[in-house]
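A.B. asks: Quick one: the structure is below, and I'll ask about it shortly.
The values are calculated or read from the model by the stated rules, or taken from the named source; none is laboratory data. Remember, it's a predicted structure, so these values are computed and weren't measured experimentally. No Cβ is skipped: glycine too gets one built from the backbone with ideal geometry, and neighbour counts run over all protein chains shown.
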Amino acid sequence: MTEIPRGTVQQQTFFDAVGGEPTFRRLVHRFYEGVAGDPILRPMYPEEDLGPAEKRLTLFLMQYWGGPRTYSENRGHPRLRMRHVPFQVDRAAHDAWLAHMRDAVDELQLAPEHERQLWDYLVYAANSMINTTG
Ligand code: HEM
């Protein structure tokens, strides 16, 4: 049997498998279109322009799924729960956030296995961001 030299087998990341940066840009862009018109979420965003927030979430998700580490180069360790402390993330905010993500994920039309992986993560992450019963 021929040996495969160490380092030549490249495991494809989820980031690559779903189409790389353009896929994550589309996902988060669509998501923020939803946020822009949402009566619960829109007032929570401190900046008038949602563009910078859109960019941060895009870079975070790209990094999480095995893409470039630009998020951490710019922002340091994610510490997402801590970063959400200033915002009142209650059940209603959670539900609104996930509803816009659901729309955005649907639009990507990923392979069912990838869609499930992405969605399961978003559901889990959104739940862990709840910081008030309010
Ligand atoms: C559950 C409901 C959630 C609400 C209401 C919420 C709300 C917010 C708000 C108001 C901001 C500040 C905007 C900004 O300056 O970037 C923010 C930032 C952010 N959120 Fe969320 N979020 C939620 C869940 C999540 C989840 C599940 C993730 C990850 C999968 C996430 C990832 C991020 C990231 C990466 C940032 C930017 C952090 C930074 O670098 O400063 N959020 N979120």
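A.B. asks: Considering each residue of segment 60-72, count those that are among the hydroxyl-bearing types (Ser, Thr, Tyr) and more than 8 Å from the ligand (Cβ to nearest atom), and give that number.
C.D. replies: Here the count works out to 2.
A.B. asks: So which residues in segment 27-48 are of a type in the set (D, E, K, R), assigned to a loop (DSSP other than H, G, I, E, B) and touching a helix residue (DSSP H, G or I) at 6+ places or on another chain (Cβ under 8 Å)?
C.D. replies: Asp38, Glu47
A.B. asks: Going by the structure shown, is Leu57 surrounded by 13 or more Cβ atoms within 10 Å (Cβ to Cβ), near the ligand (Cβ under 9 Å from one of its atoms), within 14 Å of the chain's Cα centre (by Cα) and of a type outside the set (Asp, Glu)?
C.D. replies: yes
Residue-by-condition table, conditions (1) of a type in the set (D, E, K, R); (2) within 9 Å of the ligand (Cβ to nearest atom); (3) in contact (Cβ under 8 Å) with a residue 24 or more places away in the chain; (4) exposed (fewer than 13 other Cβ atoms within 10 Å of the Cβ):
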residue: Glu21; (1), (2), (3), (4): yes, no, yes, no
residue: Leu27; (1), (2), (3), (4): no, no, yes, no
residue: Ile40; (1), (2), (3), (4): no, yes, yes, no
residue: Asn74; (1), (2), (3), (4): no, yes, no, yes
residue: Asp95; (1), (2), (3), (4): yes, yes, no, yes
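A.B. asks: Would you be able to say whether some residue in segment 109-121 is under 15 Å from the mean Cα position of the chain (by Cα), near the ligand (Cβ under 10 Å from one of its atoms) and surrounded by fewer than 17 Cβ atoms within 10 Å (Cβ to Cβ)?
C.D. replies: yes
A.B. asks: Where the second residue is within 8 Å of the ligand (Cβ to nearest atom) and not in a helix (DSSP H, G or I) and the first is hydrophobic (A, V, I, L, M, F, W, C) and at pLDDT 95 or above and lies in segment 47-60, which pairs have Cβ atoms under 9 Å and are six or more apart or on separate chains?
C.D. replies: Ala53/Tyr45; Ala53/Pro46; Ala53/Glu47; Phe60/Pro78
A.B. asks: Separate question: Which residues, taken from segment 87-134, are among the small types (Gly, Ala, Ser) and under 17 Å from Phe15 (Cα atoms)?
C.D. replies: Matches in segment 87-134: Ala104, Ala111.
A.B. asks: Given the structure, is Gly7 more than 24 Å from Thr133 (Cα to Cα), surrounded by fewer than 16 Cβ atoms within 10 Å (Cβ to Cβ) and without any contact (Cβ under 8 Å) to a residue 40 or more places away in the chain?
C.D. replies: So Gly7 fits the description; yes.
A.B. asks: Ok, one more. State the number of residues belonging to segment 76-91 that are within 6 Å of the ligand (Cβ to nearest atom) and over 18 Å from Gln63 (Cα atoms).
C.D. replies: 3
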